[in-house]
Amino acid sequence: MTAHLKIVSLSFLLLLGLNGFAQEKTKKNTSDEAISRPPTPEEMARTLLSEAEAKKKLGKYDEALKDYDAALEKYTELHEVYVSRASCYFLKLDFNGALADYDRAVEVVGTEMEKFKTQAKIKKVLQDAAGEKQELDKVEKLKPILAEAYYQRGNLKQFTDDNSGCCDDLKKSKELGHLQADMKIKELCGGK
C-alpha cells in the first residue's frame, strides 16, 4: 500500500471515528435533555394519579382524594382520574361524590369521543385516511374508560335503588366492551 493510500485510509477511519463520537455525543445530549426537561402537565398528573391509587389501596382515602384533585388541576384531560376518584368516594361511602364523578366521566369522555368521531368523518370526506385513523384510534383509547365509568356507575346505582338506571348503564358498558358487564346484567337485570 502506498503512503498516500495509507494516509487516505487513516483519514477516512479517523473521520468515521469522529463521526461516531459526534453521534454518540448527540445521543447523550438528547437523553440528558430528556432527563433534565421538566415533566409535562400530563406526566405530573399521571404521577399524582399513581400516588393516589397507592394511597387508596392503603385505605388513606382523604390523602388519595387530595392527589386526585391535584392531578385534575395539572391536567384536566386525564379522564381516568374521574373514574378512580369516584371509586375512592365509593369506598368512603360517599355515594353522592362517587356518582358525581362517574357522571362527569361519562359526560367528559363521551363528549371527547363524539368530537373525535366527528373529526374522523370530516377527514374521511377529505380523503385523509391517515388522519381518519388517528381520530378513530383516539376513540378506541377512550372506550375502556367510558365502559368502566358506565359499569361502575351502574353498580353504584344499585345501592341507590335506581334499578332502571343501573341496568341502562350496565348495558351501555357492555356495548362498549366491558368484559364483566354481561355477568352483572344477568345478576342484576334478569339477563335482559
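Observations on the structure shown:
- The fraction of Cα-Cα pairs per 10 angstrom bin, counted from 0 for the stretch 117-171, comes to 26, 28, 21, 19, 6 percent, rounded to whole percents.
- Each semi-axis of the equivalent ellipsoid for the stretch 30-148 is √(5λ) with λ an eigenvalue of the Cα gyration tensor; in descending order they amount to 30, 22, 9 Å.
- With all protein chains kept in place, the per residue accessible area of the stretch 46-171 amounts to 55 square angstrom at a probe of 1.4 angstrom.
The values are calculated or read from the model by the stated rules, or taken from the named source; none is laboratory data. Quantities reported herein were computed from a predicted structural model and do not represent experimental measurements. Quick note on the areas: whole protein, heavy atoms, side chains included, nothing else; ligands and nucleic acids left out. Shrake-Rupley method; radii C 1.70, N 1.55, O 1.52, S 1.80 Å.
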